[in-house]
1. Do we have any residue at all in segment 844-865 that's within 15 Å of GLN889 (Cβ to Cβ) and part of a loop (DSSP other than H, G, I, E, B)?
2. Only one residue in PRO302, PRO295, PRO283 is open to solvent by 50 Å² or more (accessible area, probe 1.4 Å) and closer than 22 Å to PRO257 by Cβ, so which one is that?
3. If PHE552 meets every condition in (1) part of a loop (DSSP other than H, G, I, E, B); (2) farther than 30 Å from TRP397 by Cβ apart from one, which number is that one?
4. Would you mind finding the one in TYR710, TYR690 that is in the same structural domain as THR556 (by TED's automatic domain parsing) and modelled with pLDDT of 95 or more?
5. Give the residue that is farthest from the ligand (Cβ to nearest atom), with candidates limited to residues of segment 446-457 that are surrounded by 14 or more Cβ atoms within 10 Å (Cβ to Cβ) and charged (D, E, K, R).
6. If you go through segment 691-733 one residue at a time, how many are surrounded by fewer than 16 Cβ atoms within 10 Å (Cβ to Cβ), in a helix (DSSP H, G or I) and among the polar types (S, T, N, Q)?
7. Being more than 18 Å from TYR40 (Cβ to Cβ) and assigned to a helix (DSSP H, G or I) is the filter; apply it to segment 467-489 and report the residue that is least open to solvent (accessible area, probe 1.4 Å).
8. Just a yes or no: is a residue in segment 331-348 within 25 Å of ASN400 (Cα to Cα), touching a Leu at 6+ places or on another chain (Cβ under 8 Å) and not aromatic (Phe, Trp, Tyr)?
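The values are calculated or read from the model by the stated rules, or taken from the named source; none is laboratory data. What you are looking at is a predicted structure, and each value in this text was computed from that prediction instead of being measured. Counting neighbours? That spans all protein chains shown, and the Cβs are built from the backbone with ideal geometry, glycine included. Please note that ligands, DNA and RNA were not included when accessible areas were found on the heavy atoms of the full protein model with its side chains. Shrake-Rupley method; radii C 1.70, N 1.55, O 1.52, S 1.80 Å.
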Amino acid sequence: MTSKKLSKAYDFKSVEKRLYDWWESSGYFKPRIDLNRKPYVISIPPPNVTGELHLGHAMFVAMEDLMIRHSRMKGVPTLWVPGTDHAGIATQLQVEKHLQEVEGITREQLGREAFIERTWAWKRKYGGIITQQLRRLGASCDWERERFTLDEGLSRAVREAFVRLYEKGLIYRGTYLINWSPGLRTAVSDLEVEYFEEQGTLYYFHYPLADSDESIPVATTRPETILGDTAVAVHPEDRRYRHLIGKTCLVPILNRPIPVIVDSYVDLEFGTGALKITPGHDPNDYEIGQQHGLPVVNVLNPDATMNANAGPYEGLDRYLCRERLWADMQAEGLTIKTEPYTMQVPRTQRGGEVVEPMVSTQWFVRMEPLAEPAIEAVRQGRIRIVPERFAKVYYNWLENIRDWCISRQLWWGHRIPAWHCLDCGEITVAREDPANCAHCGSMRIEQDPDVLDTWFSSGLWPFSTLGWPEDTDDLRYFYPTTMMETGYDILFFWVARMVMMGLEFTDQPPFHTIYLHGLVRDEHGRKMSKTLGNVIDPLDVMEEFGTDALRFTLLTGSTPGNDMNLSIQRVEANRNFANKLWNAGRLVLMALDKARIEPKDSPEPTVADRWIMTRLKELIRAVDRLFNNYQYSEAGRQIYEFFWGEFADWYLEIAKLQLDEGGDRAWLTARTMASVLDTCLRLLHPYTPYVTEELWGILKDACQDQPASYEPEVGWEEALIVATWPEPSAKSQEEDQIVERFSLIMDMVRAIRNLRSERGVEPARRIEAIISGGEFTDLLNSLHQAIAVLARLDPERLQIHPSLEKAPPESVPLVVGPIEAYLPLAGMVDLAAERARLSKELDEINVQIKRLEGLLAGPFSERAPKDVVQKEEKKLASLQESANKITGQLRSLE
Ligand SMILES: [Zn+2]
């Protein structure tokens with residue numbers, strides 16, 4: 001008895017881990033290499049090695065696993081390369097924090113080498129957690145190919161890339177204005193800085209001229225930078241200041257002389273129309289300073305306290321200096337006024353402290369020569385971005401790209417392969433650690449202390465993970481990869497850089513398609529954050545509702561490039577869908593059990609059989625089309641609707657009647673049920689891998705248990721994960737008619753159901769119906785039993801005629817296309833009871849009407865305020881209307 005194998009309810013807890021281990025140990029995650037076929041490859045967006053699973057991970061795992069499982073089922077050699085990122089700043093901060101809390105020491109006290117050792121130990125201890133969590137989401141990655149950005153192979157790739165770029169002159173060292181994070185004590189790239197609109201102050205003051213009583217009014221939001229000013233600029237057309245051009249001003253308090261220069265960059269409308277120029281602490285001023293050959297004065301230490309250039313303010317914190325300097329200027333009569341001012345404040349992505357533009361010597365990548373081919377690759381269609389609107393954003397960023405500051409003053413990461421010579425001062429960049437300076441041969445060389453920005457190594461990810469720079473079999477066969485699936489928020493950080501690096505080092509785009517998903521927000525559309533307390537932990541959700549429910553919710557709730565709002569109610573509803581699948585599975589197994597006999601003839605399918613099989617074909621075609629257009633959400637929704645709304649709610653109900661007929665009819669019905677279930681499980685597998693695999697395995701056993709049972713055209717495969725994907729068939733002529741005819745029956749049943757609920761007929765009550773079927777009489781007769789069951793009619797009192805001479809009396813007509821159905825009222829409700837109820841209601845209303853009529857005819861209408869009287873009049877009118885309606889209803893029941 002096969003049905004015994006299927007428990008009453010789907011228990012995801014007993015299924016998920018068992019199936020995952022089975023898949024992995026059976027080698028199903030490994031690609032079946034076929035050199036004659038082009039493979040399908042995705043490189044995973046590597047999560048931070050010591051990170052914690054969040055919904056962003058759940059989103060990309062669900063989406064990529066769907067793509068991977070679909071491709072695998074299509075028989076394409078399929079590879080999903082997993083791995084993790086060393087995450088420079090994030091990991092280093094974690095370890096530093098731990099050291100501080102547990103041992104009370106800083107990384108400086110520990111020393112560089114020991115600190116790096118500790119960080120590796122940390123990675124070994126916690127690094128496996130995130131990959132275990134990805135497994136729990138069902139990720140069918142080839143774990144034997146797992147990589148880590150700091151492992152040996154990838155470190156060699158990073159070094160090779162650095163050396164090549166340096167040799168081409170695309171990596172250089174320079175002193176420029178960069179974003180400095182005082183708390184982290186490192187440079188950060190432009191992308192790691194976020195701008196927040198905040199309330200600040202605009203400070204107006206006099207810039208005094210040397211040897212004159214005149215002054216130029218100037219405004220600033222950061223007075224402490226006055227100490228680093230090296231010019232005051234005015235607009236060439238500004239008559240107010242024209243006579244001052246070329247004269248000398250004095251920096252307040254410091255009395256350092258600086259020139260008044262002219263530059264059309266100055267905005268006549270802003271502030272006072274004159275501009276203080278601080279090349280050392282403002283990017284625009286830096287540009288102006290370069291053009292005018294102005295000196296750069298840095299007034300800040302790396303920890304954002306003031307340095308010696310700040311004169312009497314040396315050693316003060318930047319904000320304290322601001323206060324003191326302003327007070328001193330006030331005392332000297334140099335201040336004019338202050339006013340509130342809304343401004344864009346730069347803060348670091350990590351930590352959120354205010355970033356200081358500061359001049360510093362760093363390593364940079366020259367981006368323009370790399371950006372051009374990356375723009376071309378998308379323009380020429382060698383890379384496609386989904387959704388297309390992001391191509392514009394991509395072009396815009398690359399066309400205005402600035403050089404990338406790649407050095408970080410950290411310890412955890414790829415150390416820059418450059419050695420400074422203490423004798424000649426030159427730099428030696430090399431693939432192998434050098435013993436001597438390449439310029440003068442001196443042995444007194446020291447390696448650059450900085451490490452590379454984490455995104456430098458992730459930029460090489462699609463090819464470094466396959467063995468580059470070695471010419472490996474994997475690199476030759478699997479590269480370029482197929483799909484880059486990730487969140488739109490890292491289009492610049494990661495995706496664009498991979499395109500640039502891929503083109504530079506491999507002469508090929510690293511992938512053909514970029515699919516960008518949106519962010520997961522809470523059910524009200526708010527960003528999830530610890531402060532708001534609305535963070536949903538995917539592990540909790542999986543624990544409560546199962547992995548399939550979470551995956552299906554994420555996959556059917558998101559469209560390319562758009563954010564999605566996640567509600568737990570939806571996850572719960574999708575858990576119910578897994579149960580629905582399970583219950584349908586139970587019915588199918590019972591049917592197979594009931595219809596074990598071999599058929600005598602080859603039985604003809606019924607109208608319902610034909611309908612469900614035709615609808616299934618239509619569904620396969622729709623899903624195929626939607627998958628080709630990356631509309632996975634809509635495809636999932638349609639499979640769901642078909643399974644629940646058509647197969648379970650309609651076909652299975654009719655199938656029960658067909659099974660009762662026994663013999664060949666039952667045999668064919670069970671076969672049809674099994675066939676539809678099998679196909680639906682295949683279509684759903686990429687969305688909900690666990691419940692489908694479990695149920696499919698049981699279905700397969702049940703079918704194989706009987707000689708004449710259902711078998712897929714392709715035979716039963718080993719496992720659903722490697723089973724064949726349903727291919728769309730050509731549309732046949734009769735399909736439309738089959739669906740239309742059955743839809744007519746469905747519409748009629750729905751119309752009867754609606755009327756029943758409108759009239760409050762109890763669900764259990766079997767009512768009478770007289771149907772005039774016209775040309776559909778035969779069709780209706782063939783479904784006599786089914787219609788009675790589905791519309792809850794009394795089969796003894798369901799009459800189907802080709803036509804009626806006249807409408808039956810006391811009945812409600814329903815018209816559905818050419819079919820007319822009459823439902824006698826006497827059959828729907830208890831007429832006597834209904835009459836009694838209505839009469840009682842009418843009596844009560846009449847009492848109230850009498851009372852009000854009496855009131856309004858008396859002195860009340862004269863004495864009471866007008867609006868009170870009107871209110872009573874209105875009440876009366878409404879009561880009279882109700883009385884009329886009830887009287888009408890009573891008449892119709894006579
Ligand atoms: Zn040297």
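1. no
2. PRO295
3. Against the list (1) part of a loop (DSSP other than H, G, I, E, B); (2) farther than 30 Å from TRP397 by Cβ, PHE552 comes up short only on (1).
4. TYR690
5. Among those that are surrounded by 14 or more Cβ atoms within 10 Å (Cβ to Cβ) and charged (D, E, K, R), it is ASP453.
6. 1
7. Result: TYR488.
8. Among the residues of segment 331-348, at least one is within 25 Å of ASN400 (Cα to Cα), touching a Leu at 6+ places or on another chain (Cβ under 8 Å) and not aromatic (Phe, Trp, Tyr), which makes the answer yes.
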